[in-house]
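The values are calculated or read from the model by the stated rules, or taken from the named source; none is laboratory data. Keep in mind it's a predicted model, so treat the numbers as computed, not measured. Positions of Cβ are backbone-derived with ideal geometry, glycine not excepted, and every protein chain shown enters the neighbour counts.
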Amino acid sequence: MIKSITYNKAIDKVHKHRGFTLIELVIVVVILGFLAATAIPKFVDLTEQAKQANIEGMAGGFATGVSLARSQWEAEARPKDTDNINMVNYDGTVVYLTSEDRTSSPSISPGYIVGTDSGKGINSKSMAIADCISVWNSLLQQPPLVANSVAEINADGSFRYLANVTGSGASTLCHYHLKETLARNSDGIYIAPSPLTSVGNSFSYQPANSSVIIYINNKAP
């Protein structure tokens, strides 16, 4: 008899705590709304900070690679190929470097990488996007895939960066954009950045003087 009474009391407790009251539900909704209002902006901000840290880290590694290639060229007594073009075997890859020209504007300092094609460069020649990509792949260890157009990015999701080239001669600039910061249209298709320095997070490289400049535009238009 005692066991039966205890069992019935346990059942009564279960029935009494079977659900929530309307007030309790309202309180839960209010708390969740408050958490969403405070946490989501912080999460978005952390995402933007991560994108900024990404481009800054890549630019830093790129600039270090440029300096290391030039340092190796200097240490090896400034080697040249058979056509008298500055070159160095950098980490197993033959790369070609700028030649000094103090008459250009801006002036060109010697020993800065222009790619793997001896027929290209900035001394009386011109660099294409493919050359900027070869610079990227030659300097970085296990570099992220870089595309030569937004069409390539839209066709293959494995690309992480977009390369561009502007100018000619001493004013040549290689430009690299983080894909996730590029603008998209209403269908989610990536759009070519224009102007290059005003869209997304990116950095530029000027072979004439090894200048690497970072551009942060967290909010893609």
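Here are a few things to note about the model shown:
- Contact map, the range 181-192: first residue among the aliphatic types (A, V, I, L, M), second residue outside any loop (DSSP other than H, G, I, E, B) and modelled with pLDDT of 95 or more, Cβ cut-off under 6 Å, separation 6 or more or different chains; pairs are L182/Y190; I189/N154; A192/V150.
- Candidate set from the range 195-211 (those that are within 14 Å of the chain's Cα centre (by Cα) and either assigned to a strand (DSSP E or B) or among the basic types (K, R) (or both)); member that is farthest from K120 (Cα to Cα): S202
- Only one of the numbered conditions (1) in a loop (DSSP other than H, G, I, E, B); (2) touching a residue at least 12 places away in the same chain (Cβ under 8 Å) is not met by G119, and that is (2).
- Residue under evaluation E74, criteria (1) at pLDDT 95 or above; (2) of a type outside the set (K, R); (3) part of a helix (DSSP H, G or I); (4) surrounded by 13 or more Cβ atoms within 10 Å (Cβ to Cβ), criterion not met: (4)
- Test result for K80, over 28 Å from R160 (Cα atoms), touching a strand residue (DSSP E or B) at 6+ places or on another chain (Cβ under 7 Å) and modelled with pLDDT of 60 or more: yes
- Selection from the range 138-194 of residues that are in a loop (DSSP other than H, G, I, E, B), among the charged types (D, E, K, R) and surrounded by fewer than 16 Cβ atoms within 10 Å (Cβ to Cβ): D156, D187
- Apart from one condition, S210 fits all of (1) among the polar types (S, T, N, Q); (2) crowded, with 20+ Cβ neighbours inside 10 Å; (3) over 26 Å from T47 (Cα atoms); (4) touching a helix residue (DSSP H, G or I) at 6+ places or on another chain (Cβ under 6 Å); the exception is (2).
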